[in-house]
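The values are calculated or read from the model by the stated rules, or taken from the named source; none is laboratory data. From a predicted model like this one, the values you see are computed outputs, not experimental measurements. Note that we place each Cβ from the backbone using ideal geometry, even for glycine, and neighbour counts take in every protein chain shown. Each accessible area value is taken on the protein alone, full model and side chains, heavy atoms only, with ligands, DNA and RNA left out. Shrake-Rupley method; radii C 1.70, N 1.55, O 1.52, S 1.80 Å.
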Amino acid sequence: MPLEYLSRMYERANRENYAIGQFNVSNLEFVQAAIGAAVELKAPIILASSSSAIKYAGIETLVAMIRSLADKAPVPIALHLDHGEDLAQAQHCIKHGYTSVMIDASGKPLEENIRITREVAQAAHAAGVTVEAELGRLGGIEDNVNVSARDAFLTDPLEAQRFVRESACDALAIAVGTSHGAYKFKGKPVLDYTRISTIKKMLGIPLVLHGASSVDPQSVAMINQFGGHIEDAHGMDEPAYREAISRGINKVNIDTDLRLKWTAILRKQLAEKPAEFDPRKLLGPAREAVREVIKEKITLLGSAGKA
Ligand code: G3H
Ligand code: 13P
Ligand code: ZN
């Protein structure tokens, strides 16, 4: 199918209370893994690229690669700009065929975040493209931090209501305790689920969870076993996904889990096949392992069979 507008995918996910997986890609193997997993499970899927992914692969190459595989896939696939930096970048991506863009001005003061997001929304909506914005600062909820200190960086529901009304964004990434990368929680995930429910009730629009990788201990152990060094790292567990989705999350962003699995398998291949120098024999098993991770996520998020 041609690349799908994310708004169409959101509509059903919001109504039926499940989440669509966003998987970050910047090379052929991740794109094949993600699309292969979505086709196998008959799931809608979002492929995303950050600024650094676009810089790494080149926007024309990235879009051509994704389009050529998506065209042949019988499931809806959206192409999304992750953590977009400004209007010019969003317009550049839309021009090249992205069907959704994120504008992340969450580091700016509220008024500026609203103004920048509104400009992007005007440009994107004219092209039928969905806009995700972010409000609040991602970061773990520490046990020893008092409530007012922690509230200062989590998304404020009243502010979110005003933000969405004035910026006209279609989906909102909220800060409820997750953070990017491999080091999210000290142990069990601590998320502010009540905040998700409150924001959902007030806004009704699709909510997005960034920093949602699980940081699989087996991948971490394998990386360390084969010469890597990743310190004690924790992420989302299964109950945390289920709870967050039941309260109104409709898009879940995963990047770190794919990178960890990829690195673990690649390190193992290199260690166990010292005479091998065919990239396909080294990268192939890593690609298959990433595909399995994506299948597990799709199943967990409830989007299997929703294509
Ligand atoms: O949220 C950030 C994503 O994991 C993208 O990371 O900028 O290294 O591509 P990146
Ligand atoms: P992770 O680092 O938890 O995979 O989060 C990715 C993300 O939020 C991309 O926008
Ligand atoms: Zn993110």
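The figures follow:
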quantity: Calculated P(r) tail over 25 Å for the range 44-164, as whole % of Cα pairs; calculated: 34 percent
quantity: Distant-in-sequence amide H partners of Ile174 (H built 1.01 Å from N, under 5 Å); calculated: Val208, His210
quantity: Filtered chymotrypsin sites (Phe, Trp or Tyr not before Pro), the range 213-307: DSSP coil and at most 13 other beta carbons within 10 Å; calculated: Phe277
quantity: The range 1-38: chymotrypsin sites (Phe, Trp or Tyr not before Pro) falling in loop per DSSP and having at most 13 other Cβ within 10 Å; calculated: none
quantity: Protection-proxy order for peptides 281-293, 35-47, 99-111, 53-65, each taking the mean of Cβ atoms within 10 Å per residue, highest first; calculated: 35-47, 99-111, 281-293, 53-65
quantity: Inter-part distance where the range 18-59 and the range 181-249 are each reduced to a Cα centre, Å; calculated: 19 Å
quantity: Residue of Ser148, Ser179, Ser197 that the Gaussian network model of the chain assigns the largest fluctuation, springs spanning Cα pairs under 10 Å; calculated: Ser148
quantity: Under-5 Å amide H pairs with Ala48, H placed in peptide plane, nonlocal only; calculated: Phe23, Asn24, Val25, His80
quantity: The chain, dipole about Cα centre (Lys/Arg Cβ +1, Asp/Glu Cβ -1), debye to the nearest 20; calculated: 580 debye
quantity: Per-residue ³J(HN,Hα) for the range 92-109, Karplus 6.51 cos²θ - 1.76 cosθ + 1.60, θ = phi - 60°, Hz, x for Gly and Pro; calculated: 4, 5, 4, 4, 8, x, 5, 9, 7, 9, 9, 10, 10, 10, 5, x, 9, x
quantity: Only Lys, Arg (+1) and Asp, Glu (-1) charged, at Cβ; the range 124-197 dipole about Cα centre in debye; calculated: 220 debye
quantity: Of the trypsin sites (Lys or Arg not before Pro) in the range 144-192, those whose Cβ has at most 14 other Cβ within 10 Å and which sit in DSSP loop; calculated: Lys186
quantity: ³J(HN,Hα), Karplus 6.51/-1.76/1.60, whole Hz, each residue of the range 188-203, x for Gly, Pro; calculated: 5, x, 10, 10, 8, 5, 4, 4, 4, 4, 4, 5, 4, 4, 6, 9
quantity: Links that overshoot a 18 Å alpha carbon limit, given the list Lys261/Lys295; Lys42/Lys295; Lys261/Lys281; Lys42/Lys306; Lys55/Lys108; Lys42/Lys201; calculated: Lys55/Lys108; Lys42/Lys201
quantity: Helix-only mean residue ellipticity at 222 nm for the chain, each DSSP H run of n ≥ 4 adding -39500 (n - 2.57), per residue, nearest 500; calculated: -16000 deg cm²/dmol
quantity: Lys/Arg +1, Asp/Glu -1 at C-beta; the range 127-195 dipole; positive extreme among Phe153, Gly128, Tyr183; calculated: Tyr183
quantity: Gyration tensor (alpha-carbon) shape descriptor, the range 1-110, a/c threshold 1.5; calculated: oblate
quantity: Carbon/sulfur fraction of accessible area - the range 51-116, other protein chains in place, 1.4 Å, %; calculated: 55 percent
quantity: For the chain: accessible area per residue (Å², 1.4 Å); calculated: 43 Å²
